[in-house]
Amino acid sequence: MTFKAPESLPMFFAHAIALERESVERYGELADVMDIHNNEPLSKLFRRLAGYGEQHAAEVERLAEGFDLPRLAPWEFKWIDSEGPETAGYDGAHYLMTPHHALQVALENERRGEQYYARVADETLDPEVSRVAREFAEEEGGHVALVEKWLQQVDKPRADWDLDLDPPQQPE
Ligand code: ZN
């Protein structure tokens, strides 16, 4: 997998929409896990971050109006890593996931988004792509800072955080 910055707005938009939609989905899952834990503040935070992704995707779709966006197969996307920038490091909704773990997944999400947009801004030869990507990188940077602030406020998990003493009841 070699990264290659998009050299046209339609190619960039196709990537940005995929990235944001996947992020929205991921945050939905994280919020659901926090609901199971009755952790309302974190559930709200994740739904808020999902909302930012939603807004971003809608904004990109607006910008993309009038362009013919390429329909890319999953393997045709050029991400920095093999997975989408905002999705890696997460292997399913572990119902025991602590707030600390969930926030770390969120932080990774936002950092990867920021890195993707920043790298596109740095490397693309298309000045319009660069300009829009730079704007997005700055917004993602704001989300990184927000999640970092939350991370400082939650307790670090104990070493035995995944020891399941009181498993939730399975519905009959
Ligand atoms: Zn974000």
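No value in this document is a laboratory result; all are computed from the given coordinates. These numbers come from a predicted model, not from an experiment. Backbone-built Cβ (ideal geometry, glycine too); neighbour counts: all protein chains shown.
Observations on the model:
- For GLU54 and GLU138, a Förster radius of 22 Å and the Cβ-Cβ distance give a FRET efficiency of 0.75, rounded to the nearest 0.05.
- The modelled label-to-label distance for the pair HIS100/PHE3, using points 7 Å beyond Cα in the direction of Cβ, is 2.9 nm.
- Within the same chain, lysines fewer than 8 places from LYS4 are excluded, and of the rest, those with a Cα less than 24 Å from its Cα are LYS78.
- Extension gain from GLU128 to GLN115, taking 0.36 nm per residue of separation minus the Cα-Cα distance: 2.9 nm
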